[in-house]
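Values in this text are rule-based calculations from the coordinates and carry no lab data. In this text the structure is predicted, and so the values were computed from the model without any measurement. Glycine gets a Cβ as well: all are built from the backbone with ideal geometry, and neighbour counts include every protein chain shown.
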């Protein structure tokens, strides 16, 4: 089983979990890290450049790499959010290779496959991760997202924006 086999977006999404028995749970556990209640000046976004499926273990690896760097440099002065959720269930028709393997398998007959994992479908220009930081942590957030992007199977771009401040008007 290679991850590259599941990267391309082909066909209908297979996501009806109530009909599937015995699929593994997504490895990604947390979608918000750091200090989510604080207000930050800047946000650094990791944006997908291609359409693809990102497996749950790749999302988890990117989350760990990004969060570890942010925690090391900024302690708790950041907020990291992961946007896509791995809904799509991946299947594999297992084949046995080797001597006398032809007696144990049916090839492509009834080749629907068994669930082996989950993936998130992303579109071009879709945000994958957002790191909210203050002015002194912008370069750290850039480097953290760069480290996280290295774990993902698609090319990504990092965009820095000033955070939108919500103004409350008293009447």
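Comparing 114, 39, 94 in a Gaussian network model of the chain where C-alpha atoms under 10 Å apart are linked, the largest mean-square fluctuation is found at 94.
For the chain, the longest principal axis of the Cα atoms and the long axis of helix 56-74 meet at an angle of about 20 degrees.
The Rg/Rh ratio of segment 12-162, with Rg taken over Cα atoms and Rh as the Kirkwood radius over Cα pairs, comes to 1.12. By how many degrees, between 0 and 90 and to the nearest 10, does the Cα long axis of helix 138-149 differ from the longest principal axis of the chain? So the helix axis and the longest Cα principal axis differ by about 0 degrees. Averaging the sequence gap over all C-alpha pairs within less than 8 Å and six or more residues apart, then dividing by the number of residues, gives the chain a relative contact order of 38 percent.
Can you sort 138, 133, 159, 122 by how many other beta carbons sit within 10 Å, fewest first?
Values: 138 16, 133 27, 159 13, 122 24.
Listed from fewest to most nearby Cβ atoms, that is 159, 138, 122, 133.
Averaging the sequence gap over all C-alpha pairs within less than 8 Å and six or more residues apart, then dividing by the number of residues, gives segment 49-129 a relative contact order of 52 percent.
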